[in-house]
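Report on the structure given below.
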Amino acid sequence: MIKKAVYAGTFDPFTNGHDDILRRSLSLFEEVTVLVAVSPSKKPLFSAEERVAMLKDHFKNEPQVKVDSWAGLLVDYAKNNNIGVLIRGLRPTGDFEFEFQMASMNNKLYPELETVFLVTEGQNYYISSSLVKEIYNHGRDVSEFVPEAILERLVKKLGES
Ligand code: COA
């Protein structure tokens with residue numbers, strides 16, 4: 001039985017789509033690490049430290065969830081932390097080819113890591129972190145797309161910029 005899994009992403013910000021995948025994975029694994037990828041090439045709105053802080057706040061009552069950040073290869077994080085599964089959410093919006101390539105390369109680099117795909121729920125198919133920021137920047141409410149602890153910080157951050 002594989003006990004430890006990792007759910008990685010840029011999470012700028014973490015959305016209800018991510019939350020759905022993460023919460024469903026908790027019934028499959030004893031411990032799931034939400035791993036914030038630093039992702040400087042995406043020029044994130046929130047620093048990695050800010051993303052970790054808001055995720056720790058959001059999951060403060062979930063003992064199964066750990067939050068961490070990483071600037072290297074995912075496979076190296078998994079190896080260093082004895083993690084056997086990478087969780088990915090799959091959407092019917094063109095994810096498959098990229099996911100297949102990433103899973104194959106990760107398997108080549110570290111065969112002990114299995115990728116497990118969870119199918120994204122219907123109401124989350126069309127959410128992405130960039131779209132949430134864009135919609136908010138155009139003055140529309142995004143509260144149905146992000147968890148409350150994240151929304152508060154998003155409103156504050158975008159209000160400052
Ligand atoms: N519901 C809603 N939105 C979702 C979602 C879901 N279930 N799953 C993903 N998304 C969104 C994300 O918010 C993201 O939106 P954005 O592009 O607007 O920011 C988009 O879909 C793409 O998500 P994802 O593919 O998870 O990209 P990411 O940038 O969040 O994370 C990493 C990608 C970090 C997991 C990947 O680049 C990685 O593994 N990096 C580490 C380096 C490495 O190991 N590289 C070699 C890999 S072979």
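Entry remark, the range 15-34: residues being touching a strand residue (DSSP E or B) at 6+ places or on another chain (Cβ under 8 Å) and more than 8 Å from the ligand (Cβ to nearest atom) number 11 in total. Hey, any hits in the range 47-70 for a residue that's open to solvent by less than 50 Å² (accessible area, probe 1.4 Å), under 30 Å from Lys157 (Cα atoms), in contact (Cβ under 8 Å) with a residue 40 or more places away in the chain and within 14 Å of the ligand (Cβ to nearest atom)? For the range 47-70, residues open to solvent by less than 50 Å² (accessible area, probe 1.4 Å), under 30 Å from Lys157 (Cα atoms), in contact (Cβ under 8 Å) with a residue 40 or more places away in the chain and within 14 Å of the ligand (Cβ to nearest atom): present.
Filter the range 71-112 down to the residues that are modelled with pLDDT under 95, over 18 Å from Val36 (Cβ atoms), within 10 Å of the ligand (Cβ to nearest atom) and not in a loop (DSSP other than H, G, I, E, B) and list them by number. Of everything in the range 71-112, those that are modelled with pLDDT under 95, over 18 Å from Val36 (Cβ atoms), within 10 Å of the ligand (Cβ to nearest atom) and not in a loop (DSSP other than H, G, I, E, B) turn out to be Leu90, Asp95, Phe98, Glu99. Determine if the range 13-22 includes at least one residue that is over 22 Å from Glu144 (Cβ atoms) and outside any strand (DSSP E or B). Checked the range 13-22: no residue is over 22 Å from Glu144 (Cβ atoms) and outside any strand (DSSP E or B). Filter the range 113-128 for residues that are more than 10 Å from the ligand (Cβ to nearest atom), more than 16 Å from Ala8 (Cβ to Cβ) and surrounded by 13 or more Cβ atoms within 10 Å (Cβ to Cβ) and give the result. Result: no residue meets the conditions.
Could you go through the range 50-69 and let me know if any residue there is of a type in the set (Asp, Glu), out of contact with any helix residue (DSSP H, G or I) (no Cβ under 8 Å at 6 or more places or on another chain) and not in a loop (DSSP other than H, G, I, E, B). No, the range 50-69 contains no residue that is of a type in the set (Asp, Glu), out of contact with any helix residue (DSSP H, G or I) (no Cβ under 8 Å at 6 or more places or on another chain) and not in a loop (DSSP other than H, G, I, E, B).
The values are calculated or read from the model by the stated rules, or taken from the named source; none is laboratory data. The model shown is predicted, which means the values in this text are computed figures rather than measured ones. Note: ideal-geometry Cβ built from the backbone for every residue, glycine included; neighbour counts use all protein chains shown. For accessibility, only protein heavy atoms count, side chains too; no ligands or nucleic acids. Shrake-Rupley method; radii C 1.70, N 1.55, O 1.52, S 1.80 Å.
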